[in-house]
Amino acid sequence: MNWQPARFFRLEGETVVCTLCPHACALADGEAGFCQVRRRRGEALETATFASSVWHWQAVERKPLYHFRPGTEVLTLAAPGCNLRCLYCQNYRLSQYGRTPGVVWEAADLDPAAAVAAAAERHAAIGLSYSEPGLAAELSLELAVLGAPLGVALIWKSNGFLSAAAARDLAGSLTAVNLDLKGIDRRRHHALTGGDPAPVLETLAILLAAGVWVEVSTPLIPGINTDPPALRALARTIAGFGASIPWHLVRFVPDYRLARLAPTRTDTIAQAIEIGREAGLNFVYTERALGDDGRQTACPNCGQTLVTRHLHGLSTDRLHLGRCPECQALIPGRWTSNRPTCTGTQP
């Protein structure tokens, strides 16, 4: 592990307090925080997240981001570590480093300039995913500074569990974020993740206010967050931030500490889609469970199919300058992909 100087901390007497996330870990010298990738050294903080366990080229649709530069490529990077302990995590061998027996550090040091250069050569964005990108705050800031002159966007797949101050500091470096929102019931959310949902909702508001393109993902976990009242409350909450926020409903696949549960039923997912639409959300998706229909974008004004996707990326895109070719309605998104630029807005 290569520890480097970190930001986002404060001194309180003889204690160093990490201010990156709501855990606000108060650390003795040499002690690591709950995430295991930020530690105290003297009167400062260090991070181990200038590293990555992967170097994956993927379609942006796999993040999933469906209203952001369709058909373009993303260089996906991931340093170990997470500030939540989601019981269902499929990436726990990466995210739960230092907290789960047998999960060891398997990441190579990362040169931010080399990553940006590789992405620029392929006209790709850089995406931080699989583990929690918010922990790689310092890396994100550096990638954004290096990438801006070369047109390399920085995107996250994030749990959104950040302090409000850190979210504000980081928002300006981000172009798009798919944010996980498991639910809004505090008791259920804490039991599932070890964290409160309130900071996630605050991060969502901060990102939107900063002009970051945001899409939301919710894993549908049987017996935990799939009952209709919980889904209605969640859908109404998301719609309260804007009817044009894409909502991705993710089928639960048994893993980690919830391996005993069954996968999410397809009729449960179909019901959740209807609940989202009834709440006023214009774009509700599911990646795998319902086939191609679950991945397509339809015009909320005239109903025409505008964008179709296969499991691994874009199939067809009928948008013209971000508008429906039938009724000319503007479809919110960031639609640039080797075409004239058109940027829709998110309320």
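The values are calculated or read from the model by the stated rules, or taken from the named source; none is laboratory data. Only a predicted model underlies this, so the values are computations on that prediction, with no experimental measurement involved. Positions of Cβ are generated from backbone atoms using ideal geometry, with glycine treated the same way; all protein chains shown enter the neighbour counts. When the accessible area is computed, the model is the full protein with side chains, heavy atoms only, and any ligands, DNA or RNA have been set aside. Shrake-Rupley method; radii C 1.70, N 1.55, O 1.52, S 1.80 Å.
Of the DSSP beta bridges with both residues in the chain, give the percent that are antiparallel, rounding to the nearest 5. Within the chain, antiparallel bridges account for around 55 percent of the total.
Rounded to the nearest 500, the 222 nm mean residue ellipticity of the chain from helices alone is -7000 deg cm²/dmol, with -39,500 (n - 2.57) taken per DSSP H run of at least 4 residues. Accessible surface computed residue by residue for the chain, with neighbouring protein chains in place and a 1.4 Å probe, gives 41 Å² per residue.
Rounded to the nearest Hz, the phi-derived 3J(HN,Hα) couplings of segment 98-113 under the Karplus curve 6.51 cos²θ - 1.76 cosθ + 1.60 (θ = phi - 60°) are x, 10, 10, x, x, 8, 10, 6, 9, 9, 9, 4, 10, 9, x, 5, where x marks glycine and proline.
Karplus-derived 3J(HN,Hα) values for segment 152-164, using 6.51 cos²θ - 1.76 cosθ + 1.60 with θ = phi - 60°, are 8, 6, 10, 10, 10, 10, 10, 7, x, 8, 10, 5, 4 Hz; glycine and proline are entered as x. Most mobile of Ala230, Ala78, Ala124 per a Gaussian network model of the chain (Cα springs, under 10 Å)? Highest fluctuation of the listed residues: Ala230. Summing charges over all other residues whose Cβ lies under 12 Å from the Cβ of His190, with Lys and Arg as +1 and Asp and Glu as -1, gives +3.
All alpha carbon pair distances within the chain were sorted into 20 Å bins beginning at 0; the resulting P(r) in whole percents reads 31, 59, 10, 0. Applying 1/(1 + (r/R0)^6) with r as the Cβ-Cβ distance of Thr15 and Ala117 and R0 = 51 angstrom yields a FRET efficiency of 0.80. The apolar share of the surface of segment 224-280, taken as the fraction of accessible area on carbon and sulfur atoms (1.4 Å probe, ligands and nucleic acids excluded), comes to 52 percent. Surface listing: Phe161, Phe241, Phe34 arranged by accessible area from highest to lowest gives Phe34, Phe241, Phe161, probe 1.4 Å.
Summing charges over neighbours of Gln96, with a neighbour being any other residue whose Cβ is under 11 Å away from its Cβ, gives +3 when K and R count +1 and D and E count -1.
Within the chain, the longest run free of GluC sites (Glu not before Pro) that sit in a DSSP loop with at most 14 other Cβ atoms within 10 Å is 107-325. Ignoring any ligand, DNA or RNA, what whole percent of the accessible area of segment 1-80 comes from carbon and sulfur when the probe is 1.4 angstrom? Using a 1.4 Å probe with all protein chains present, segment 1-80 comes out at 46 percent carbon and sulfur. Between Glu287 and Leu249, Arg251, the built amide H atoms are under 5 Å apart, and every one of these is 5 or more places off in sequence or on another chain.
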